[in-house]
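Derivation of every value follows stated rules applied to the coordinates shown; laboratory data play no part. Just so it is clear, the structure is predicted and the values come from calculations on it, not from any experiment. Neighbour counts run over all protein chains shown; Cβ positions are idealised from the backbone, glycine included.
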Amino acid sequence: MKKKQGINFKLNIRPLSLNSCFQGRRFLNQRGKSYIETCLWTMPKEKMIKGEVEVFIRIFVKNRLWAFDIDNVAKLLIDCCVKKKLIEDDRFISCLHIAKFISLKDYIEIEIEKC
């Protein structure tokens, strides 16, 4: 049986919602720029997975009361995966799994598998 091509990594950062990253409709604010830069810096340098992919995003947060839309967190992370050249383009994501968990610390796990 052929092993699936994949990338797994953990980001030791607090998740950030897309809503808090923009000023107006189109302009990324300093908080958003800094978050994206941190994500890109901490993401591994791996060979790009080309073609259709399946993405698993697991968000771990300390504060049970910290409310955010998990799809807004996912958009930023997926865009960073494209900028880091882990995947070709987000239009090649055929299946996206997102989950949020309560944890002792804030972090994010991302897994990308070739379909």
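The table below lists the values:
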{"read-out": "Environment charge of LEU40, counting only residues whose C-beta is closer than 14 Å and scoring Lys/Arg +1, Asp/Glu -1", "value": "+2"}
{"read-out": "The chain, Rg to Rh (Cα coordinates; Rh as Kirkwood inverse mean 1/r)", "value": "0.97"}
{"read-out": "Rounded to 10°, Cα long-axis angle of helix 30-42 versus longest principal axis of the chain", "value": "30"}
{"read-out": "Chymotrypsin sites (Phe, Trp or Tyr not before Pro) lying in DSSP loop within segment 19-115, provided at most 14 other Cβ fall within 10 Å", "value": "TRP66"}
{"read-out": "Cysteines in the chain lacking a second Cys C-beta under 4.7 Å", "value": "CYS21, CYS81, CYS95, CYS115"}
{"read-out": "Acute angle (nearest 10 degrees) that the helix 70-83 long axis makes with the longest principal axis of the chain, alpha-carbon atoms", "value": "60"}
{"read-out": "Helix-only CD estimate at 222 nm, as mean residue ellipticity for the chain, using -39500 (n - 2.57) per DSSP H run (n ≥ 4)", "value": "-7500 deg cm²/dmol"}
{"read-out": "Linear extension gain, LYS45 paired with LYS105, 0.36 nm per residue minus alpha-carbon span", "value": "19.1 nm"}
